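Since every read-out is calculated from the coordinates, none of them should be taken as a lab result. Quick caveat, the model's predicted, so the values are computed rather than measured. Don't worry about glycine lacking a Cβ; one is built from the backbone with ideal geometry, like all the others, and counts go over all protein chains shown.
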Amino acid sequence: MKLFVSLMLTMILYGCSVLEPEQVDLYENYTKQTQAVKNNIILENRKLFFTNRYLKAVNPDDEKSLLLLKLSQYVDQEVSHYQKMDAQKGCLSINGIELNKDPVSLHVEYKKEHGLWLVDYMFLHLIESSEDYVKEALCPRDVENTIFK
Amino acid sequence: MSPTRTELRITIAKLIEVAYSENKGVTAKIVRAKGPFKLTVDQGGNAQLSSQLGVVTFSGSDTLEKIGANIKSVSVSFSNTDGAITKYTAIIDLKVAKIAVSGSFNIEALITSCSGILCSAAKALKERHHAYDMELQRIMENK
């Protein structure tokens, strides 16, 4: 009986630890990524920042596809950022200003791969007014629903 | 070179212009009527302008070719609520990322902008025509 109870407790504790979201500072990842873009070393370091799935859409020999590695450059100045985590993914939303002073929001989804939290999907929202800045983290796949709600 | 929001807006205007040159009657009927209409372009460049009033199909390849991105598809939702100003939201799908841009424009200004020699010259050249682009920018940014 004691063995059964301790086994059950172990299973419950293990279950909780698996479901508990990992505490990661996604903004730190994002900052390193934007630095790599600014220093023009994102291409050779792409595997440190993007998932394999994401990189399948990037052809290093095709200038047009390199935009996918550089979407963060639309945010010239950052205004605010928010993040949320669950067990499977993390989402980071950045409110900012473009070089020409228009407001912009960038939403980034991260997934854990080979022990690293890497970019798996992005949504760049060229918003019309700073009143449209998000006030909480939105996952990129949910942004379209908020636009057309 | 990353496409700017102005370039994306001009691209939407050009797609409507191409639809208009393909079928003036149905395009004008769709865009002038109050209510929603939609513009889509798939990965093969097949474009479609549609509403309850009809459908115009055309090629969007040349227009999208000028954007500095590999585009999987484009979907633009328009809403003409008062018969004059049309609001739109475009979603550009880049397969693992999307770009959204919104705006509003005067549809009459757009469909009459492409009737002169300037537009013919721009089409004949099949490349960027600065004055024509500036005119489309003015219309699409409702200035």
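Brief remarks follow.
- Of all residues in the range B:48-71, at least one satisfies being under 15 Å from B:ALA90 (Cβ atoms), more than 14 Å from the chain's Cα centre (by Cα) and of a type in the set (Val, Ile, Thr).
- For the range A:134-149, the set of residues classified as touching a residue at least 12 places away in the same chain (Cβ under 8 Å), part of a loop (DSSP other than H, G, I, E, B) and not hydrophobic (A, V, I, L, M, F, W, C) consists of A:LYS135, A:GLU136, listed by residue number.
- Filter result for B:LYS14 (outside any helix (DSSP H, G or I), in contact with a helix residue (DSSP H, G or I) (Cβ under 8 Å, 6 or more places away or on another chain), surrounded by 15 or more Cβ atoms within 10 Å (Cβ to Cβ) and basic (Lys, Arg)): no
- Test: residue in the range A:129-136 that is facing chain B (nearest Cβ under 9 Å) and out of contact with any Ser or Thr (no Cβ under 9 Å at 6 or more places or on another chain): no
- Considering residues of the range A:112-149 that are closer than 15 Å to A:SER93 by Cβ and among the aromatic types (Phe, Trp, Tyr) only, the residue surrounded by the most Cβ atoms within 10 Å (Cβ to Cβ): A:PHE123
- Taken as a whole, the range A:96-103 holds no residue that is away from chain B (no Cβ under 12 Å) and over 30 Å from B:TYR88 (Cβ atoms).
- Filter result for A:TYR110 (within 20 Å of A:ALA36 (Cβ to Cβ) and within 12 Å of chain B (Cβ to nearest Cβ)): no
- The set of residues from the range A:42-67 being surrounded by 12 or more Cβ atoms within 10 Å (Cβ to Cβ) and not in a helix (DSSP H, G or I) comprises A:ILE42, A:LEU43, A:ASN45, A:PHE49, A:PHE50, A:THR51, A:ALA57, A:VAL58, A:ASN59, A:PRO60.
- Of all positions in the range A:72-84, at least one carries a residue that is touching a Cys at 6+ places or on another chain (Cβ under 8 Å) and more than 9 Å from chain B (Cβ to nearest Cβ).
- Consider the range B:80-98 and keep the residues that are closer than 15 Å to A:ARG141 by Cβ and of a type outside the set (Val, Ile, Thr). The one that is farthest from the other protein chains (Cβ to nearest Cβ) is B:ASP93.
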